[in-house]
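Inspection log for the structure reproduced underneath, given as structure tokens.
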Amino acid sequence: MFDRDRWQEIYSTLGKNKLRTALTAFGVFWGIFMLIIMLGSGNGLKNGVQSGFKDFATNSFFTWTQRTSMPYKGFKQGRRFNYNNDDIRAIIDNVPEADIVAPRNQLGDYGGNNNVNYGLKTGSFTVYGDYPEIFKIQSYAITAGRKMNRIDEKEKRKIAIIGSRVQTLLFGDTTSSLAKNIEINGVFFR
């Protein structure tokens, strides 16, 4: 295993071909360095995606409407349609595997922001209209106030659950937003 002549030959060869030795060493170093970078990036991306979905139910399923791609029973191609409460009721009644159905309406379509006002302060935010079942699908950390419930839905109360960014921009860090009214596209919510 340890033969002095072999090691002297290797050392002599490396000494005679210094440029080739340096380039080979750099190539090996660079390959290992890039492997470490790629593995780290892959793990970082995996962790980022998993943390983005950590608060969602793992067996959840989402549907939404888009423009139609073909004509159907006299309707034109490219028309828009939306789900309504009858569609939601049909899903609940006819799909026994759907344990929880939580309809969501996004104000301003996908990616649309809406003006939210409090006094003289205004911000542009994404606004969702949710049912109380959303809390069974997606976890929210509510730091003040309470979650919406069936009574809010039944009595058609105009309540808003705001995020920390809305709280900071409209009310500041020290002022509580509880029991105050904000205006979303001309409609007031508590």
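The values are calculated or read from the model by the stated rules, or taken from the named source; none is laboratory data. Being a predicted model, the structure only gives us computed values, none of them experimental. Cβ placement follows ideal geometry from the backbone for every residue including glycine, while neighbour counts extend to all protein chains displayed.
Of everything in the stretch 133-149 that's β-branched (V, I, T) and part of a helix (DSSP H, G or I), which residue is surrounded by the fewest Cβ atoms within 10 Å (Cβ to Cβ)?
I134
Could you list, in sequence order, the residues of the stretch 168-178 that are over 13 Å from K121 (Cα atoms) and at pLDDT 85 or above?
L178
I'd like to know if the stretch 101-109 contains one or more residues that are free of Cβ contacts under 8 Å to residues at least 24 places away in the same chain and of a type in the set (S, T, N, Q).
So far as the stretch 101-109 goes, yes, one or more of its residues are free of Cβ contacts under 8 Å to residues at least 24 places away in the same chain and of a type in the set (S, T, N, Q).
Which of the residues belonging to the stretch 150-167 are over 13 Å from S124 (Cα atoms), surrounded by 11 or more Cβ atoms within 10 Å (Cβ to Cβ) and β-branched (V, I, T)?
Hits for the stretch 150-167 are I159, I161.
Any residue at all in the stretch 117-130 that's in a loop (DSSP other than H, G, I, E, B), over 30 Å from L169 (Cβ atoms) and among the β-branched types (V, I, T)?
There is no residue in the stretch 117-130 that is in a loop (DSSP other than H, G, I, E, B), over 30 Å from L169 (Cβ atoms) and among the β-branched types (V, I, T).
How many residues does the stretch 146-190 contain that are charged (D, E, K, R), farther than 15 Å from N115 by Cα and within 23 Å of the chain's Cα centre (by Cα)?
Result for the stretch 146-190: 2.
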